[in-house]
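Below: the structure, in structure tokens.
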Amino acid sequence: MQGNTHIVGGITASLAFAQISNDNPFVLVGAGIVGALLPDICHGGSKIGRTFPIISKIVNKLFGHRSFTHSLLFLFLAATLLHSFIPYEAITAGILVGMVSHIVLDMGTKQGVKLFFPINISVRFPLTTKTGGKVEKVVLVLLSGLSLYFGYELISQFVQVI
Ligand SMILES: [Zn+2]
């Protein structure tokens, strides 16, 4: 999936998570966007790959695209590292939620993801789409609609509190 789809996916997922969590929704969404872009560090042409070209090259050489950084192992390592080094729970939660949204979205592409890395199996949904294709645009519109809905819910909760 393209960077924009991942960003909106991260926003949607973190806003959805904000409904059931007491963490600050703004922090969750900010961290959610970072988390949603993080897995594509394995791909030099991605937004994050262009921001950190050297790290991106190394990760790509070592693991290839959509393998280690799109796996449960990477999620687990990220969760452990974030818990150890970042004292603010909302940031950790947001980044992880964003990463999960990224992996789930990439499971909707033909190539799938190596979810169980280092076991070499591609995992994807029964229905998949081409990256950048028409279906991805539909997904983008649906996700945007969902985030507006979740965002509206949150704002109306705030208004009620006031
Ligand atoms: Zn990806």
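Show the residues, 5+ positions off or on another chain, whose built amide H is closer than 5 Å to the amide H of VAL123.
Residues meeting the criterion, in which the H sits 1.01 Å from N, are VAL113, LYS114, LEU115.
Return one number: the angle in degrees, 0 to 90 and rounded to the nearest 10, between the long axis of the Cα atoms of helix 53-63 and the longest principal axis of the Cα atoms of the chain.
Result, in degrees: 60.
Take VAL135 and ASN120, extend 7 Å from each Cα along the Cα→Cβ direction, and tell me the distance between the two endpoints in nm.
2.6
Compute a Gaussian network model of the chain, connecting alpha carbons closer than 10 Å, and tell me which residue from VAL27, VAL138, VAL100 fluctuates the most.
Answer for the Gaussian network model of the chain: VAL138.
List the relative contact order of the chain as a percent without decimals, with contacts defined as Cα pairs under 8 Å and 6+ residues apart. Walk me through the intermediate numbers first.
Numbers: 259 pairs, mean separation 47.7, N = 162.
So the answer I get is 29 percent.
Estimate the FRET efficiency between TYR152 and THR128 by the formula 1/(1 + (r/R0)^6), using the beta-carbon distance for r and 41 Å for R0, to the nearest 0.05. Each step should come with its number before you reach the end.
Details: r = 31 Å, r/R0 = 0.75.
Rounded to the nearest 0.05, the efficiency is 0.85.
Where the centroid of each part is defined by its Cα atoms, how far is segment 105-119 from segment 1-27 in Å?
Each part reduced to its Cα centre gives a spacing of 21 Å.
So if each residue of separation counts as 0.36 nm, and I subtract the Cα-Cα distance between PHE76 and ILE55, what length gain in nm does that give? Walk me through the numbers before you get to the answer.
On the way: separation 21, 0.36 × 21 = 7.56 nm, distance 1.99 nm.
Full extension from PHE76 to ILE55 adds 5.6 nm.
Do you know the relative contact order of segment 87-133, to the nearest whole percent, from alpha carbon pairs under 8 angstrom that are 6+ apart? Before the final figure, lay out the partial values.
Details: 40 pairs, mean separation 13.7, N = 47.
It comes to 29 percent, rounded to a whole number.
Among ILE103, ILE48, ILE58, which one shows the highest mean-square fluctuation when the chain is modelled as a Gaussian network with alpha-carbon springs under 10 Å?
Of ILE103, ILE48, ILE58, the Gaussian network model singles out ILE58 as fluctuating most.
What are the ³J(HN,Hα) couplings of segment 67-81, residue after residue, when phi is run through the Karplus curve with 6.51, -1.76, 1.60 and θ = phi - 60°? Round to Hz, x for glycine and proline.
These are the phi-based 3J(HN,Hα) values: 10, 4, 6, 10, 10, 5, 4, 5, 4, 5, 4, 4, 4, 5, 4 Hz.
Can you tell me the length gained on complete extension of the stretch LYS110 to TYR88, counting 0.36 nm per residue apart and subtracting the Cα distance?
On the way: separation 22, 0.36 × 22 = 7.92 nm, distance 3.66 nm.
Result: 4.3 nm gained on full extension.
Between ALA18, ALA90, ALA79, which gets the highest mean-square fluctuation from a Gaussian network model of the chain, Cα cutoff 10 Å?
Comparing ALA18, ALA90, ALA79 in the GNM, the peak value goes to ALA79.
Under the rule of at least 5 residues apart or a separate chain, name every residue whose amide H is placed under 5 Å from the amide H of THR129.
Hits under the 5 Å cutoff: THR109, LYS110.
When LEU28, LEU146 are ordered from fewest to most other Cβ atoms inside 10 Å of their Cβ, what list results?
On the way: LEU28 27, LEU146 17.
In order of increasing Cβ crowding within 10 Å: LEU146, LEU28.
Just so you know, all these numbers are worked out from the coordinates, no wet-lab data involved. For clarity, every value in this text was computed on a predicted model and none was experimentally measured. A quick note on method: Cβ atoms are made from the backbone with ideal geometry, for glycine too, and the neighbour counts reach across all protein chains shown.
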